[in-house]
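Readers should treat all values here as calculations from the given coordinates under stated rules, not as data from a laboratory. None of these values were measured; they are calculated from a predicted model. Backbone-built Cβ (ideal geometry, glycine too); neighbour counts: all protein chains shown.
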């Protein structure tokens, strides 16, 4: 028997704000989170890209110092957003053995790893922190969240590059359907604005180089787009069966109705230009939702602002939705937030849920001229979604050919 899986709590720490309300308000206002980096290492390493979308509120401003010292920044962001989501859900009274965690990251504890390497080289092995490995391991965020909330059903970790946290949401949906938990905290995090990642992405010509105007650098679908903007932060969602949510009188934001996860098996960094994996992921999500493409009223696109990636996603959407794709309101929210890598899917799922709640598709800022090869219904201002039933999808695609799509229905 298929169960209804609902979202009862959301949390986020993003380049636009330290909480969901702050982030959502800034997104609708067309604010950009991209800023010039004020770190000595930018000049020290003569980085070709000198800006990124750092989190608006630093973790040390939120977490107690003893807690923060034992966690990599990626885990700090995860815990902060999970705490907000849990409180927003009304701190569910659930047996620990029926509470699960499925948390994602694309890279993990990068700062911890490379800081420890510097310490080893400069000061010797005795000065390397004992908790270095527990802090740098990819499952550290999942572990931190599970221990904080005493979640004992499971603590899963997904590391599927930029598709990671959408895949975690799909996993959470399937595990709730399977009866493995009553409540799951799912989400994703990333804190990888570091000299090595900035240099590497710049070397592969993936980052925008608009150093003189960071706020307008991420411009999905614009004819003059030149790459993505690195972002950081985390987002968390509390998912539970509708039966459990109603029994405790919880508010319900939306219903997760399906998900699709596929692999391109095409190239380590490039999308399949025919979009075959993405097409299957969208179709799987809709099939699991028991819905058709004609029912979709909103799309939060992956849309990173790269010359190659944006058209590949459009090719997939055009195949699924046909000519109707030109009429569906699309939001490319990385124009405002930058790209949170493993955290991006969860953040954009939050945006999609709020879009359905408020019946408004967030704006896609910075489009100077829409690429005629990508004729989508995007706008620099918010687009109304209407008053009827709403069904949306949120797309995430990652290096390695990972594709993940989640389908969300209004309530």
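Give me the percent of DSSP beta bridges within the chain that run antiparallel, rounded to the nearest 5.
Numbers: 42 of 63 bridges.
The antiparallel fraction comes to roughly 65 percent.
Counting other C-beta atoms within 10 Å, which of 173, 253, 45, 266 has the fewest, and how do the rest follow? Please report the intermediate quantities before stating the final value.
Working: 173 25, 253 22, 45 12, 266 15.
Starting with the residue having the fewest Cβ neighbours, the order is 45, 266, 253, 173.
Please report the equivalent ellipsoid semi-axes of region 151-236, computed as sqrt(5 x eigenvalue) of the Cα gyration tensor, largest first, in whole Å.
Working: eigenvalues 239, 39, 22 Å².
The equivalent ellipsoid of region 151-236 has semi-axes of 35, 14, 11 Å.
Taking the alpha carbon gyration tensor of region 164-318, what are the square roots of 5 times its eigenvalues, largest first, to the nearest whole Å? Intermediate results must be reported in sequence, preceding the final value.
Details: eigenvalues 210, 81, 43 Å².
Values for region 164-318, descending: 32, 20, 15 Å.
Stokes-Einstein diffusion coefficient for region 1-118 at 4 °C in a medium of 1.567 mPa s, Rh from the Kirkwood formula over Cα pairs: what value in µm²/s?
Values: Rh = 16.8 Å.
The estimated diffusion coefficient comes to 77 µm²/s.
Between residue 274 and residue 131, how many nm apart are label points set 7 Å from Cα along the C-beta direction?
In this crude spin-label approximation the distance works out to 5.1 nm.
At what distance in nm do the modelled label points of residue 69 and residue 263 sit from each other, each positioned 7 Å from its Cα along Cα→Cβ?
According to this spin-label approximation, the distance is 4.3 nm.
Pulled fully out, how much extra length does the chain show between residue 287 and residue 41, if you take 0.36 nm times their separation in residues and subtract their Cα-Cα distance? Display every interim value, and only then the final one.
Values: separation 246, 0.36 × 246 = 88.56 nm, distance 4.83 nm.
Difference between extended and current length: 83.7 nm.
Going 7 Å from the Cα of residue 247 along its beta-carbon direction, which residues of region 83-98 have the amide nitrogen within less than 16 Å of the resulting point?
Zone members listed by number: 92-98.
For the chain, set up a Gaussian network in which alpha carbons nearer than 10 Å are linked by springs, and say which option among 19, 304, 352 fluctuates the most.
Result for the chain, Cα springs under 10 Å: 19 fluctuates most.
What percent does the relative contact order of region 199-278 come to when contacts are Cα pairs within less than 8 Å and at least six residues apart?
On the way: 43 pairs, mean separation 13.4, N = 80.
The value is 17 percent.
Enter the mean projected area of the convex hull around the alpha-carbon atoms of region 287-394, in nm², rounded to one decimal. Walk me through the intermediate numbers first.
Details: hull surface 27.1 nm².
Here the figure is 6.8 nm², rounded to one decimal.
So for 327, 54, fewest C-beta neighbours within 10 Å to most, what's the order?
Values: 327 10, 54 21.
The most exposed by this proxy come first: 327, 54.
Using Cα pairs closer than 8 Å and at least 6 residues apart in sequence, work out the relative contact order for the chain, in percent. Let's see the in-between values first.
Values: 1116 pairs, mean separation 96.8, N = 411.
Relative contact order comes out at 24 percent.
Dividing the Cα convex hull volume of the chain by residue count, how many Å³ per residue is that? Display every interim value, and only then the final one.
Numbers: hull volume 52.4 nm³, N = 411.
Output value, Cα hull per residue: 127 Å³.
At 7 Å along the Cα-to-beta-carbon direction for both residue 178 and residue 97, put a label point, then send me their distance in nm to one decimal.
1.8
Name the residue, out of 161, 186, 349, whose mean-square fluctuation peaks in a Gaussian network model built on the chain with Cα pairs under 10 Å.
For the chain, modelled as a Gaussian network with Cα springs under 10 Å, the answer is 161.
Over the residues of region 86-205, compute the C-alpha Rg and express it relative to 2.2 N^0.38 Å.
Working: Rg = 17.0 Å, N = 120, 2.2 N^0.38 = 13.6 Å.
For region 86-205, the normalised Cα radius of gyration is 1.26.
On the principal axes of its Cα set, how long, how wide and how thick is region 72-115? Give whole Å, largest value first.
40, 20, 14
Within region 172-213, name every residue whose backbone N is under 14 Å away from a label modeled 7 Å from Cα of residue 2 along the Cβ vector.
Under cut-off, by backbone N: 174, 177-178.
How would you rank 262, 8, going from fewest to most other Cβ atoms within 10 Å of each one's own Cβ? Walk me through the numbers before you get to the answer.
Working: 262 21, 8 24.
The most exposed by this proxy come first: 262, 8.
Which whole number of Å³ per residue matches the convex hull of the alpha-carbon atoms in region 195-277?
Details: hull volume 16.0 nm³, N = 83.
Roughly 193 Å³ of hull volume per residue.
Applying 1/(1 + (r/R0)^6) with R0 = 25 Å to the Cβ-Cβ distance of residue 152 and residue 61, what FRET efficiency is obtained, to the nearest 0.05?
On the way: r = 30 Å, r/R0 = 1.22.
Plugging the Cβ-Cβ distance into 1/(1 + (r/R0)^6) gives 0.25.
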